[in-house]
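Let me begin by presenting the structure, written as structure tokens, before commenting on it.
The values are calculated or read from the model by the stated rules, or taken from the named source; none is laboratory data. What you see is a predicted model; the values in this text were computed from it and never measured. Positions of Cβ are generated from backbone atoms using ideal geometry, with glycine treated the same way; all protein chains shown enter the neighbour counts. In case anyone asks, the SASA skips ligands and DNA or RNA and just uses the protein heavy atoms, side chains included. Shrake-Rupley method; radii C 1.70, N 1.55, O 1.52, S 1.80 Å.
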Amino acid sequence: MNNLHFESEAELFAYKAWRTLSLEPPVNLDKIASKLNLVIEYREFIPEIDGFYLRLPNCPPVIAINASYVKPQERRRFTLAHEIGHHLLARRISNSERLFFLDTPRNRRTVLERACDRFAALLLMPEELVRRYFQELEANSKNRVAIMASRFGVSTWAMRRRIKELGLTIQPWQRS
Amino acid sequence: MGRVSFEFGHRIKDFLQRNKLTFRGAALQSGISAAYWKDMSDGRVPSEEVIARICAAFPELDENELRLAAGYAPKPHEMDAVKAVEFALRGQPDIPEEGKQQILEFVKLVQNRYAGKKD
């Protein structure tokens, strides 16, 4: 399975989710998880852990999210979307196989991890809406990123990255 | 003698002592020569096939434990879930021991919660 395959699958899944589940921003990730029969567990882990995906034989797939106060809500949402990506991209692997994907702030470099990040970004911030909000908020360019981030339920960092990825021009990062 | 593993030799020696088995006795049950059992107890690393054969002859031996001790990758299908995750976490040097323990506790919890329940 090559890079391109993972990337295109990630895009397809995000597109399908918006098409079939009548989603609205901020995306209700619990609704998606429930449709996929995923069990979500929020627990406190050390800060080096964002979350992980676990699939054991005869158990429903489980996503564990670090609910520690050091992980903001937006960060948890992105991690959850990323883990849902793991579930979808691994769907062809037999249910009798054990699967374990651990996500830490440092390990997002592999092809699969990048594809899951891509899925998360597209699911949480679909292109059409990003472009629409971006245009709508043109008059408020100073607060545009923060407002959009709030609408999508993501961090301003993730929002900035997505906007840049779509080739839209924003003001350089400024610390408030 | 080929590759040597102190850990592997220790496990073989320990197994034979616990079960009061001589090299000859082990050879009779496994079809692997007494001389070879002696070499293994001194740390000689056998082939993967030999490990599979001795584990088939002595079911109380954990094939993956022996494979790991001998420097072979474990067989994931035959590994307990907690051990499999523990093994996967060995490749995560950035995660402190405390975090690894938290994850393993969670895996045990999930395993116990659904034990006996079939999809």
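Being of a type in the set (D, E, K, R), open to solvent by 20 Å² or more (accessible area, probe 1.4 Å) and within 28 Å of residue A:50 (Cα to Cα) narrows it down to one residue among A:109, A:132; which is it?
Values: A:132 fails: within 28 Å of residue A:50 (Cα to Cα).
It is A:109.
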Q: Sort out which residues of region B:1-26 are among the aromatic types (Phe, Trp, Tyr) and over 19 Å from residue B:69 (Cα atoms), and write them in order of number.
A: B:23
Q.
I'd like to check something: does region A:37-54 contain any residue that is of a type outside the set (Val, Ile, Thr) and either farther than 25 Å from residue B:95 by Cβ or assigned by TED's automatic domain parsing to the domain that holds residue A:154 (or both)?
A. yes
Q: List the number of the failed condition for residue A:150; all other conditions in (1) touching a Pro at 6+ places or on another chain (Cβ under 9 Å); (2) part of a helix (DSSP H, G or I); (3) buried (at least 19 other Cβ atoms within 10 Å of the Cβ) hold.
A: (3)
(Q) Condition first: farther than 17 Å from residue A:24 by Cα and basic (Lys, Arg). Can you find one or more residues in region A:121-136 that meet it? (A) no
Q. Applying the selection to region B:86-102, what residues are more than 19 Å from the chain's Cα centre (by Cα), within 7 Å of chain A (Cβ to nearest Cβ) and either within 21 Å of residue B:64 (Cα to Cα) or of a type in the set (Ser, Thr, Tyr) (or both)?
A. B:92
Q. Pairs under 7 Å by beta carbon, first residue more than 11 Å from every other protein chain (Cβ to nearest Cβ) in region A:32-54, partner open to solvent by 30 Å² or more (accessible area, probe 1.4 Å) and charged (D, E, K, R), six or more apart or different chains?
A. A:40/A:30
Q. Is there a residue being at pLDDT 85 or above and open to solvent by 60 Å² or more (accessible area, probe 1.4 Å) anywhere in region B:77-87?
A. yes
Q.
With touching a residue at least 12 places away in the same chain (Cβ under 8 Å) and either in a loop (DSSP other than H, G, I, E, B) or out of contact with any Lys or Arg (no Cβ under 6 Å at 6 or more places or on another chain) (or both) as the only criterion, which of B:46, B:93, B:59 stands out?
A. B:46
